[in-house]
Amino acid sequence: MLADTYGNSTYQEKSMYDRSIAFYFAILVFVSAFNTNSESLMSQDSPTLSYPETKKVEQVDEYFGVEVADPFRWLEDDVRQSEDVAAWVEAQNKVSFGYIETLPFRKEIDQRLTKLWDYEKYSAPFRRGDRYYFQKNDGLQNQFVLYSQDALDAEPKVLIDPNTWSEDGTVALGGLAFSDDGKYLAYGVQKSGSDWRTWQVMEIESGKMLADKLEWIKFGGASWSKDSKGFFYNRYDEPSKEDEFTSLNLNQKVYYHELGYDQSEDELIHSDPDHPEWGFSPEVSEDGKYLILTVWKGTDDRYRVMYKDLSDPDSELVTLIDNFENEYSFVGNEGSTFYFKSDFEAPKKCILTIDISDPEKRNVIIAEADEAMQSASMVGDNIISNYLKDAKSQVKIFDLAGTFVREVSFPGIGSAGGFGGRRDHDETFYSFSSFNRPPSTYRYDLKTGESKLLREAKVDFNPDDYEVSQVFYNSKDGTRVPMFIAHKKGIELDGTNPTLLYAYGGFNISLTPGFSISRLQWMEMGGIFAMPNLRGGGEYGKDWHKAGTKTQKQNVFDDFIAAAEYLIDNKYTSPEHLGIQGGSNGGLLVGACLTQRPDLYGACLPAVGVMDMLRFQEFTAGRFWVDDYGSSKASAEEFEALYKYSPLHNVTDGTAYPPTMVTTADTDDRVVPGHSFKFAARLQEAQSGENPTIIRIETSAGHGSGKPTSKIIEEVADQWAFLAKHLGMKPSFPESE
């Protein structure tokens, strides 16, 4: 989902950066069994909240003969441009943070979380040229630092430290691209969480910054020419100041930038004004002979493919795949034979080859398996394929003819990522973690199949004090859905355990069992963490994904509601002790389930959610999401489906909604904050009873990528304190014993 990833780029350094840092913290919890305060939180009286008055306007839209009022339309305006919206944000935050300050244990939670978070975090290394690179965070640094090494056992040297770029840590490293000879590094700079990136170039040996500066880059990276004289990249035209963070992103173009020249002199490689909604991801083949242009128009893995022979300066782009019917993700090439990860006649994905001299012929070399293939890379003379087996990582090695070589052995059930490299490498690197296993990084020898541990995170907890299980339950229509459950050992299943149910359910994104300090603290405090793998995700391939999209999106909400009912029926928890959480598409999930079953939850945490399902496509990247959601303008059928579950439009006056803390950021230009603003205003208007319905609006932060550690810790502490208060939790704080 372009709401949660860069999009369709396959460039290894950038994707490795995203996997390792954007959320190196994935999903779990931690240990200790010391109660320092046995006072029941349920006995604490909540202050009576007085919400700011939100003005209403006369705005009515018509969809297929149905009139829909939108009285909070003015809250869609950019907070940077609208004094009224800025004043509303300030007034809401005054109420919200005033309430948060009254929450019991907020200070203790923040202190313990900060201590837990303070451990060294590493990405898996990768090699370019004669050097190795990795990212590291010393513990509480706001941003990860990029290091280089002359050898794996050599002393690491700081190459880029984004923590020096701003005092508050809101400027982040937003993408990496190394030249083929290892001499230069192009990298993106991300400010305040915005999707816009400014790219710069460094000479690695000297650390000297070149004058090259490229702007208005979004949903893309850079790919160097073989001679290392420049790189290909995609960008949009410069928007007006008023529309910079809200307007639709249209007419992406591909350029070639030669070092030493101004961006205005860059060579236009490709544009398609007849299809302004199409995007283009350029990648140079490792042998340097071809430019592969992957063409996309939404979030589905459905691509056109073009290529250009770079050995011939006069060559034109040639169309290889001329439709958007299937996935064709470029993996690598052997001369004129291109390797693709594809769902062509293979819903769970396969590896096929196309010889560009005979492009009509497809040769499947790695057939579709029972497990869904998530990614593939070509390293040495091997294809490394990463599968999911019931949402757990399974990695297999094949030769270039597709013959199975071996399976990679992991130290348990968990999530593995990495496995990048080059054709002249005989090694690759990966990271592995699980709910009760902090991240470790490994070097994998492709010749011997041996994994060597490089670094292991040292976190102040005993993994043996926790247990992780996977259960299966039936959704409303009988579909069998898996769910991971993690908690301290010895918890009594008596229906009173504070439980956090977290999910996503969309855009072919798979949730796997990984490590998370925040969830670790939740479990240390005595909570149960549950994560179901809903339809709409990619855990079981294309059919599983499609079963949770467009007019079938209700399946996702049914799966989530059924997970809540399973936890209640099996005495893990009860409605008054059950909290739900999700972000982005997961924020939509929480918003929809909150409005459909307000009786089922004790507290709700929708984050940066898509809440107005009739207008999401009108802003920034929203138009891409039509692949998953459909569109209120496309057909009466899709409008009716969206209108039926749209969180904003299904809030009912006089309903007793559970305690809810909506979270968003004022500078989010992916899921614009107007979604959350309008939803929170409507909830406050409709709420009966005294349960709080507050909105916490982060400042100088975006959708999540690039958010500094300090802001992450503050937000998590606020969320856990909110849940503890309303789920009746009695937190444990071991250091206070």
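The values are calculated or read from the model by the stated rules, or taken from the named source; none is laboratory data. The structure displayed is predicted, hence computed values, not measured ones. Note: ideal-geometry Cβ built from the backbone for every residue, glycine included; neighbour counts use all protein chains shown. Areas reflect the complete protein model, heavy atoms only, side chains present, ligands, DNA and RNA absent. Shrake-Rupley method; radii C 1.70, N 1.55, O 1.52, S 1.80 Å.
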- If you average 1/r over all unlike Cα pairs in the chain and invert the result, what Kirkwood radius do you get in angstrom? 26.3 Å
- What fraction of the DSSP beta bridges in the chain is antiparallel, stated in percent and rounded to the nearest 5? 85 percent
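Write down the accessible area per residue of region 458-594 in Å², having rolled a 1.4 Å probe over the full set of protein chains.
Numbers: 3980 Å² over 137 residues.
Spelled out: the 1.4 Å probe surface of region 458-594, per residue, equals 29 Å².
Can you sort Y643, Y444 by solvent-accessible area, 1.4 Å probe, largest first? Kindly include the intermediate steps, with their values, before the conclusion.
Working: Y643 75, Y444 0 Å².
So the residues, ranked largest to smallest area, are Y643, Y444.
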- Task: Could I have the simple spin-label model distance between D355 and D168, label points 7 Å from Cα toward Cβ, reported in nm to one decimal?
- Result: 6.0 nm
- Task: Name the shape class, rounded, prolate or oblate, that the alpha-carbon gyration tensor gives for region 128-198, where a ≥ b ≥ c are the square roots of its eigenvalues, rounded holds for a/c under 1.5, and otherwise prolate holds if a/b is larger than b/c and oblate otherwise.
- Result: oblate
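Going by the alpha-carbon gyration tensor, a ≥ b ≥ c the square roots of its eigenvalues, is region 233-346 rounded (a/c under 1.5) or, if a/c is not under 1.5, prolate (a/b greater than b/c) versus oblate?
Numbers: a/c = 2.34, a/b = 1.23, b/c = 1.90.
It comes out oblate by the Cα gyration axes.
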- Give, in nm to one decimal, the length gained when the segment between M209 and T699 is fully stretched (0.36 nm per residue of separation minus the Cα-Cα distance). 173.4 nm
- Note on the structure: Residue span S82 to D381: 0.36 nm per residue of separation minus Cα-Cα distance leaves a gain in nm of 102.0 nm
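Mean Kyte-Doolittle hydropathy of -1.0 or higher plus an axial Cα length of 24 Å or more: which whole DSSP H helices in the chain meet both? Before the final figure, lay out the partial values.
Numbers: long enough: 83-100 (25 Å, 0.03); 709-727 (26 Å, 0.08).
Span-like helices in the chain: 83-100, 709-727.
Could you order peptides 363-371, 55-63, 331-339 by the average number of other Cβ atoms within 10 Å of their residues, highest first?
On the way: 363-371: 16.0, 55-63: 11.6, 331-339: 18.4.
Ranking the peptides 363-371, 55-63, 331-339 by packing returns 331-339, 363-371, 55-63.
Can you tell me the FRET efficiency between E690 and K241 if r is taken as the Cβ-Cβ distance and R0 is 41 Å, rounded to the nearest 0.05?
Values: r = 43 Å, r/R0 = 1.05.
With R0 = 41 Å, the Cβ-Cβ based efficiency is 0.45.
Once the Cβ-Cβ distance between E427 and D569 is put in as r, and R0 is 41 Å, what FRET efficiency do you end up with, to the nearest 0.05?
Details: r = 49 Å, r/R0 = 1.19.
Working from the Cβ atoms, E equals 0.25.
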- Message: Taking the full set of protein chains and a 1.4 angstrom probe, give the accessible area of R106 in square angstrom, rounded to the nearest 10.
- Response: 50 Å²
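For E334 and K489, what does the FRET efficiency come to when R0 = 56 Å and r is the distance between their Cβ atoms, rounded to the nearest 0.05? Each step should come with its number before you reach the end.
Details: r = 51 Å, r/R0 = 0.91.
E(calc), rounded to 0.05, equals 0.65.
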- Item | Cross-link partners of K730 among lysines (Cα-Cα below 18 Å; sequence separation of 8 or more within a chain) | K107, K488, K489
- Query: For region 532-643, what log10 I(q)/I(0) values come out of the Debye formula at q = 0.09, 0.12, 0.19, 0.22 1/Å, with one point per alpha carbon and no solvent?
  - Reply: -0.25, -0.43, -1.01, -1.25
- Note on the structure: Dipole check, region 306-423, charges on Cβ (K,R +1; D,E -1), about Cα centroid: among Y307, T319, A369 the Cα furthest to the positive pole belongs to A369
- Message: Which three extents, in angstrom, do the Cα atoms of region 416-505 have along their principal axes, listed largest first?
- Response: 55, 38, 21
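In debye to the nearest 20, how big a dipole does the chain give about its Cα centre with +1 on each Lys and Arg Cβ and -1 on each Asp and Glu Cβ? Show your work: numbers first, answer last.
On the way: 74 positive and 117 negative charges, 330 e Å.
Result for the chain is approximately 1580 debye, rounded to the nearest 20.
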- Residues of region 204-248 with amide N under 12 Å of a point placed 7 Å along Cα→Cβ from L268: 237
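Please report the carbon-and-sulfur percent of the accessible area for the chain; probe 1.4 Å, protein heavy atoms only, DNA, RNA and ligands left out. Numbers along the way, then the final one.
Values: 11810 of 27110 Å².
The value for the chain is 44 percent carbon and sulfur by accessible area.
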- Packing-based ranking, highest mean first, of 648-656, 578-586 given that Cβ atoms within 10 Å are counted: 578-586, 648-656
- Message: Per-residue counts of other Cβ atoms within 10 Å, averaged by peptide: what ranking do you get for 254-263, 308-317, 274-283, 292-301, highest first?
- Response: 292-301, 274-283, 254-263, 308-317
- Task: Would you work out the relative contact order for region 194-280, in percent, from Cα pairs under 8 angstrom that are 6 or more residues apart?
- Result: 23 percent
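Given contacts defined as C-alpha pairs under 8 Å and at least six residues apart, what's the relative contact order of the chain, whole-number percent? Walk me through the numbers on the way to the answer.
On the way: 1868 pairs, mean separation 122.4, N = 737.
Normalised by residue count, the contact order of the chain is 17 percent.
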- Computed label-point distance, nm, for sites D322 and R406 using a 7 Å Cα→Cβ extension: 4.6 nm
- Task: For D370 and A634, compute 0.36 nm times the residue count separating them, minus their Cα-Cα distance, and round to one decimal in nm.
- Result: 91.6 nm
- Task: Please list, or write none, the lysines whose alpha carbon is within less than 18 Å of the alpha carbon of K55, excluding same-chain residues fewer than 8 places away.
- Result: K94, K678
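What number, in percent, do you get for the relative contact order of region 103-254 if the mean sequence gap of Cα pairs under 8 Å and at least 6 apart is divided by its residue count? Intermediate results must be reported in sequence, preceding the final value.
Values: 285 pairs, mean separation 18.4, N = 152.
It rounds to 12 percent for region 103-254.
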